[in-house]
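Student: Quick one: structure below, then a few questions.
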Amino acid sequence: MREIDGGICAVPGVRACGVKRGRYGVAMIACSGYAAGVFTRNRVRAAPIEVTIDHLRRSGGRIEGIIANSGSANAYTGVRGIRDAERIAGIMAGMIGCGPEMIGVASTGVIGRYLDLDLISSLADEAAPALRSGPDASREAAQAIMTTDTKVKEVAVEHEGFRIGGICKGAGMIEPDMATMLAFIYTDADVGPELYGFLKDAVDVSFNMLTVDGDTSTNDTVLLTSTRAVECDPESFREALEHVCVRLTKMIARDGEGATKAMEVEVTGAASSEDARRAAKSIARSNLVKAALYGEDPNWGRIVCAAGRSGAEFDPSRVSLRMSSRKGSVLLVDRGIIVDGVLEEAKKVMSSDEILIQIDLGAGSASARGFGCDLTHEYVNINAKYTT
C-alpha cells in the first residue's frame, strides 16, 4: 500500500470544490456511486443527518453528490432545519442535474442556529464553477468545511489496483460515538453490498477510538462512496480503508482544539477486545492524563488510575507501562514493579509533540488503540468564546 496525492480526487470519477468566507463555507463533491454512512448516536441528531439517511433509503444507497456547509450545524432546529437541509440538497441537485434524494447533506458549526440559505446558495454558486478533479479541488473542499480546525485533513492510498481517498474536519466536540466530525471517503473498489460492514469495522478501530474532549457531536457523519469500478480482494480493501480512517483520526487528534501534543494509547494483554477498548478510551479521555502531557509532567500514576476505572478486568500487580516518542522510550512499570530513577528520562520523552502510551494489562491477548491529545489553556479560550 502506498499513500498518494489528491485526497478524495485521487479516486477516478470524483470532482470537488469549496469556498470559505469567514467562518462560513460550502463544499460540494460530485461522484456517482453507492454510499454507506455511519452517524452520531447523540439523541440530539442534526437535521442534515436525518435528511441524508432518508435520501440513502429512498435512493437504494445510490448517490450523486454531497454538499456540506460550515458555520451552522443546523442542529436542534426542528422542522425548519429539515426543510433547510432539503433545500441545500436541492441546490446541489440542480447544479449537477439529479434528484435531491441523490444528494447527501452535512453541516458543522454552532448548534441551535438556523441556516442562512441565501448565504449558502451564494457560496455554492461561487464554488460551482470550480467543480473539478485534482488535488487542489480536494483541498478546497476540505478547507471549506473547517471550523476551529487549523490544518487541512486529507489522505489517499493506492493498493492492489484500487484507490481510497478521504477528507475530514474535526478539532473540538470530539468523541465520535457511532467530534464536530465530518468525514467523506471515496473509493473505486467494488466490494458489492457489504460497504456498510467494512465502513463500520473501520470506524470502530479509528474514529470511534478518538477523543479530544469527550463530547459527542450532534452532527458526526462518515460517508463512504464507491464507484465499484475496480474488482478487489475484500481483505485488501478492509486493510486500506482502516489505514485511511486511522490516518484521518490521527490528524484530528493532532489538531485538537488548542492541542500541542497528540497521544496514541496502545493497550495489550487485555482479557477481551471490549476491555482493551475501554482501557484505551479511558486513558485517552482522562483530563488528568491530558493535562500531564501538556505540562510534560511524568505523573504516570494517572495512566494506571484511568485504566483501573475503565471497567476492564485485570490484576494491577501484572501491569506494565511504557511511554515512547521521537525523544526515546522509557519503561515506567514492569509487571507491577515501579521502575526507579527514570522520571527525568520520562520527562524528556514527553517533550515530543507525539506521545505513545503502551500499557500491558497482563490479563489476556486482546488489544486496542486509542487516540487523543493534550488539554491546554487554549482549549478553554477557544470554547469560552466560540460564538462571541
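Student: How many angstrom lie between the Cα centre of the stretch 76-119 and the Cα centre of the stretch 2-43?
Tutor: A separation of 16 Å, based on Cα centres.
Student: With a ≥ b ≥ c the root eigenvalues of the C-alpha gyration tensor of the stretch 339-384, is it rounded (a/c under 1.5), prolate (a/b larger than b/c) or oblate?
Tutor: On the way: a/c = 3.13, a/b = 1.39, b/c = 2.25.
Taking the square roots of the gyration eigenvalues as a ≥ b ≥ c, the stretch 339-384 is oblate.
Student: Arranged by the count of other C-beta atoms within 10 angstrom, fewest first, what order do 9, 305, 98 take?
Tutor: Details: 9 28, 305 16, 98 19.
Ordered from fewest to most neighbouring Cβ atoms within 10 Å, 9, 305, 98 come out as 305, 98, 9.
Student: Something else about it: For a protection proxy built on the mean count of beta-carbon atoms within 10 angstrom, sort 252-260, 120-128 highest first, please.
Tutor: Values: 252-260: 24.3, 120-128: 18.4.
Highest mean packing first, the order is 252-260, 120-128.
Student: Next up: In whole Hz and in residue order, list the ³J(HN,Hα) couplings for the stretch 146-154 that follow from phi through the Karplus curve 6.51 cos²θ - 1.76 cosθ + 1.60, θ = phi - 60°; x for Gly and Pro.
Tutor: Per residue, the Karplus-derived 3J(HN,Hα) values read 6, 10, 8, 4, 10, 9, 5, 10, 8 Hz.
Student: What residues have an amide H closer than 5 Å to that of residue 33, excluding those fewer than 5 places away on the same chain, when H is modeled at 1.01 Å from N in the peptide plane?
Tutor: So residue 33 has HN proximity to 63.
Student: Residue by residue through the stretch 255-267, what is 3J(HN,Hα) from phi via Karplus (6.51 cos²θ - 1.76 cosθ + 1.60, θ = phi - 60°)? Round to whole Hz and write x for glycine and proline.
Tutor: Those phi angles translate into 9, x, 3, x, 5, 10, 9, 9, 10, 10, 10, 10, 9 Hz.
Student: With respect to the cross-link table entries 153/250; 151/327; 151/347; 250/290; 20/151; 290/347, which display a Cα-Cα separation exceeding 18 Å? Present the calculation step by step, with values, prior to reporting the outcome.
Tutor: Values: 153/250 10 Å; 151/327 24 Å; 151/347 28 Å; 250/290 16 Å; 20/151 14 Å; 290/347 14 Å.
Going by Cα-Cα distance, 151/327; 151/347 fall outside the 18 Å limit.
Student: Per the Kirkwood formula on distinct C-alpha pairs, the Rh of the stretch 262-384 is how many angstrom? Don't skip to the answer; put the middle values down first.
Tutor: Numbers: mean 1/r = 0.0702 Å⁻¹.
Averaging 1/r across every pair of different Cα atoms and inverting gives 14.3 Å.
Student: Counting only DSSP beta bridges with both residues in the chain, what percent are antiparallel, rounded to the nearest 5? Please report the intermediate quantities before stating the final value.
Tutor: Details: 57 of 81 bridges.
Within the chain, antiparallel bridges account for around 70 percent of the total.
Student: Under 1.5 on a/c is rounded, so check that first for the stretch 220-313, then, if it is not, pick prolate when a/b is larger than b/c and oblate when it is not; a ≥ b ≥ c are the square roots of the alpha carbon gyration tensor eigenvalues. Let's see the in-between values first.
Tutor: Details: a/c = 3.12, a/b = 1.70, b/c = 1.84.
Oblate, because a/c is 1.5 or more while a/b does not exceed b/c.
Student: Further, regarding this structure: Is the shape of the stretch 1-66 rounded, prolate or oblate, going by the alpha carbon gyration tensor and its root eigenvalues a ≥ b ≥ c, with a/c under 1.5 for rounded and a/b larger than b/c for prolate?
Tutor: On the way: a/c = 1.77, a/b = 1.25, b/c = 1.41.
Because a/c hits 1.5 or more and a/b fails to exceed b/c, the stretch 1-66 counts as oblate.
Student: Compute the Rg to Rh ratio over the stretch 197-247 from the alpha carbon atoms, using the Kirkwood formula for Rh, and round to two decimal places.
Tutor: Numbers: Rg = 12.8 Å, Rh = 12.4 Å.
Radius of gyration over Kirkwood radius for the stretch 197-247 works out to 1.03.
Student: Just to check I understand the Karplus step: with θ = phi - 60° and J = 6.51 cos²θ - 1.76 cosθ + 1.60, what whole-Hz values come out for the stretch 80-92, glycine and proline as x?
Tutor: 4, x, 4, 4, 5, 5, 5, 5, 4, 4, x, 4, 6
Computed from the coordinates by the stated procedures, all read-outs in this text should not be read as laboratory data. This one's a predicted model, so the numbers in the text were calculated from it and none came from an experiment. In this analysis, Cβ positions are derived from the backbone assuming ideal geometry, glycine residues included, and neighbour counts consider all displayed protein chains.
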